[in-house]
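Asker: Before I ask anything, here is the structure I am working with.
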């Protein structure tokens, strides 16, 4: 199998790293021209923001299966659902960490339990005081803290401003804060849970720091590139964590996933926790365990019990992942 990765940034390089680590019988390269797509068997997109639309356009044009990590709108995929079906290809959107692995787990739990409430928390932390690691695509990360938040309360969609429901808390013995953020995407329509929220986790003081950047116009079009270089240049030990709290009438189920990286490591913690999942999806496609066609969301894929167990067991070999009741 020949695989082409869209995006030579941190996540794209990390996906290539894990594909090699899994010792698959594949050739992996990065996208340069349309000829790369024409000659390959599978596409993986790790493009930033709206640039991510290119991968699906070419997947449809050349009828290639696509695993998509790009942070695109849920509605973009729905608009292309019939085109994907007619092309006879498989497209798996939101195939990273959160959304991604988190969706896969939520789909399984809703299949097995009568779930009343889902709360997802995810983010990256540093052990250093007054330090805020920027480990993800910078443009997407900034936008994620500016969008209005969609949540589900008593079965209805509700909109709230960014940074709503601010909380201080201890996470992994670190002083942290969290707040509502946009991040549920396809889960709202596909899970049908009465109450659902998504929260971003950051080191304490991030809210004030972010607002300071905005007030100084350091995140506008003119200054954002220099701001990005400065913030991403600081190397530090980092932790990326995700927590899913699932409530039923009788119990609370908690999934926790995390990855840690020293500042000197090849991959940061966000690269580790994001890239391992799509690499394993490639393995399952290669082995014939994922055979669907069309637009397939990960919460739907997670309903396959045998596939779920197999993928989760592989992920546990690469990152910390637990389920408690």
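Asker: On a C-alpha basis, how far is the centre of the range 95-156 from the centre of the range 234-298 in Å? Whole number, if you could?
Answerer: Each part's Cα centre sits 11 Å from the other's.
Asker: When DSSP assigns beta bridges and you keep just the ones with both residues in the chain, what percent turn out antiparallel, to the nearest 5?
Answerer: Values: 41 of 65 bridges.
In the chain, DSSP labels about 65 percent of beta bridges as antiparallel.
Asker: How high is the relative contact order of the chain, in percent, counting Cα pairs under 8 Å that sit 6 or more residues apart?
Answerer: Relative contact order here is 22 percent.
Asker: For the pair residue 292/residue 85, report the inter-label distance in nm, with labels modelled 7 Å from Cα in the Cβ direction.
Answerer: About 1.4 nm, to one decimal.
Asker: Measuring from label point to label point, each 7 Å out along Cα→Cβ, what is the residue 230 to residue 148 span in nm?
Answerer: 3.2
Asker: Taking 0.36 nm per residue of separation and subtracting the Cα-Cα distance, what length does fully extending residue 262 through residue 129 add?
Answerer: On the way: separation 133, 0.36 × 133 = 47.88 nm, distance 1.61 nm.
Stretched out fully, the residue 262 to residue 129 stretch lengthens by 46.3 nm.
Asker: With each run of n ≥ 4 DSSP H residues scored as -39500 (n - 2.57), what mean residue ellipticity at 222 nm is computed for the chain after dividing by its residue count and rounding to the nearest 500 deg cm²/dmol?
Answerer: Values: 13 runs with 116 residues, N = 325.
One gets -10000 deg cm²/dmol as the mean residue ellipticity at 222 nm.
Asker: Let me ask something else. Among 154, 203, 195, which one shows the highest mean-square fluctuation when the chain is modelled as a Gaussian network with alpha-carbon springs under 10 Å?
Answerer: Maximum fluctuation in the GNM of the chain, among the listed residues, is at 154.
Asker: Decide, for the range 101-266, between rounded, prolate and oblate: order the square roots of the alpha carbon gyration tensor eigenvalues as a ≥ b ≥ c, take rounded if a/c falls under 1.5, and otherwise choose prolate if a/b is larger than b/c, else oblate. Working shown, then result.
Answerer: On the way: a/c = 2.19, a/b = 1.57, b/c = 1.39.
Judged from the Cα gyration tensor, the range 101-266 comes out prolate (a/c at least 1.5, a/b above b/c).
Asker: Still on this structure, I have one more. Counting other C-beta atoms within 10 Å, which of 241, 5 has the fewest, and how do the rest follow? Intermediate results must be reported in sequence, preceding the final value.
Answerer: Working: 241 23, 5 27.
Result, fewest neighbours first: 241, 5.
Asker: Name the residue, out of 217, 45, 121, whose mean-square fluctuation peaks in a Gaussian network model built on the chain with Cα pairs under 10 Å.
Answerer: Looking only at 217, 45, 121, the biggest GNM fluctuation is shown by 217.
Asker: Determine, from the Cβ-Cβ distance of residue 252 and residue 306 and an R0 of 30 Å, the FRET efficiency 1/(1 + (r/R0)^6), rounded to the nearest 0.05. Don't skip to the end; give the middle numbers.
Answerer: Details: r = 26 Å, r/R0 = 0.87.
It comes to 0.70.
Asker: Only Cα pairs within less than 10 Å get springs; with that Gaussian network setup on the chain, which residue of 66, 19, 58 has the largest fluctuation?
Answerer: Most flexible of the set in this elastic network: 58.
Quick note: the coordinates plus some simple rules give every number you see, no bench work behind them. Just so it is clear, the structure is predicted and the values come from calculations on it, not from any experiment. Every residue, glycine among them, receives a Cβ derived from its backbone with ideal geometry; neighbour counts consider all protein chains shown.
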